[in-house]
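Chemist: Okay, handing you the structure first.
Computed from the coordinates by the stated procedures, all read-outs in this text should not be read as laboratory data. Everything numeric here is computed off the predicted structure, so don't read it as measured data. Cβ: placed from backbone, ideal geometry, glycine included. Neighbour counts: every protein chain shown.
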Amino acid sequence: MDTTKSLPNFDKLWDYQDPAATETKFRELLPLAESADDETYVLELKTQIARTLGLQGKFDESHALLDTIEKRLTPDTKLARVRYLLERGRAMNSSGNPEDSRPLFEEAYVLADEIHEARLAIDAVHMIAIVEPDPHKQIEWNLKGIEQVESDASQQGWLHALYNNIGESYSAIQDYSNALVYFNMLLELQKERGEPDIYTIKDVARVSRLSGDPTASLKLMQPVFDELSSQNKDDGWIREELAEAFLALGQTERAKPHFVKAYELLSKEPWYKQNQASQLERLKRMAEA
């Protein structure tokens, strides 16, 4: 990124778990950027402010800001255009218009590749895979992203998202053996960085069960559940897989309280209610059975 030396790398200021706090950081930085008279930096920074707004569900505000950015883009601000396309696409996708977002991600990919911005090119590829409705094509795009990462050691961080997403795509077409390969690869990456994510463990357990090995699922899930319980914590997704493992093993009485708690917790999750409606109904039936 071509910026004045006094201006920080705003990508390193991101906290994706707290977009509101990140928005505040970026807005505080904006006057400094504008006073430095660096148009490209200002436009790029504003695309990231738009992203923070989208992550907070403020889609109208995000699009309004992106409208102002679009008007200032020129043939000389190609990197800013890539970021603009990515964030416009993300705002569209997150607000329920994935079909409208895809051309933007495709354009972002072509332009990012043209200007040799590997990180943003892979970002675009991974977003195309997300909005692609056909799981088989999702796999193709994720494999393309993985291939790009493997050819550029500096982009290894993308493997976490790509392994997770391709694992879900293989699961969607019931190719559980390949799904298990990628979820296990993701688990190994997480172990290298410290503690594995409990939701990745859950995904390995789920795919193991669906491939016909509920014993392996239970072996993975019971320690996760016990550790949460020891900390007086609970989690609907963990309860759900634990319940399914017990059920698959024919232990319906042990499954029942986990179905009850899973339904109680997941029925309060907006994403689950919107994207897993049929599964939520199943949890309710099993809880009431």
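Chemist: Between residue 16 and residue 219, take the C-beta separation as r, use R0 = 30 Å, and let me know the FRET efficiency to the nearest 0.05.
Modeler: 0.40
Chemist: Let me ask something additional. Could you order the peptides 156-166, 189-199 from most to least packed, using the average number of other C-beta atoms within 10 Å per residue?
Modeler: 156-166, 189-199
Chemist: Which whole-Hz couplings ³J(HN,Hα) result when phi for each residue of segment 247-264 is put into the Karplus expression 6.51 cos²θ - 1.76 cosθ + 1.60, θ = phi - 60°, listed in order with x for Gly and Pro?
Modeler: Residue by residue, segment 247-264 yields 4, 5, 8, x, 9, 5, 5, 6, 6, 3, x, 6, 5, 4, 6, 4, 5, 4 Hz.
Chemist: On a 25 Å Cα-Cα criterion, which of the cross-link pairs 25/58; 191/233; 191/284; 25/268 come out too long?
Modeler: Correct reply: 191/284; 25/268.
Chemist: Relative to the longest principal axis of the chain, what angle (0 to 90°, nearest 10) does the C-alpha long axis of helix 39-55 take?
Modeler: 30 degrees
Chemist: Treating only the Cβ atoms of Lys and Arg (+1) and Asp and Glu (-1) as charged, compute the dipole magnitude of the chain about its Cα centre; round to the nearest 20 debye.
Modeler: Approximately 860 debye in magnitude.
Chemist: Can you tell me the relative contact order of the chain? Whole percent, Cα pairs under 8 Å, sequence separation 6 or more.
Modeler: 7 percent
Chemist: Still on this structure, please answer the following. Once you have the Cα-Cα distance between residue 151 and residue 268, take 0.36 nm times their residue separation minus that, and quote the gain in nm to one decimal.
Modeler: 37.9 nm
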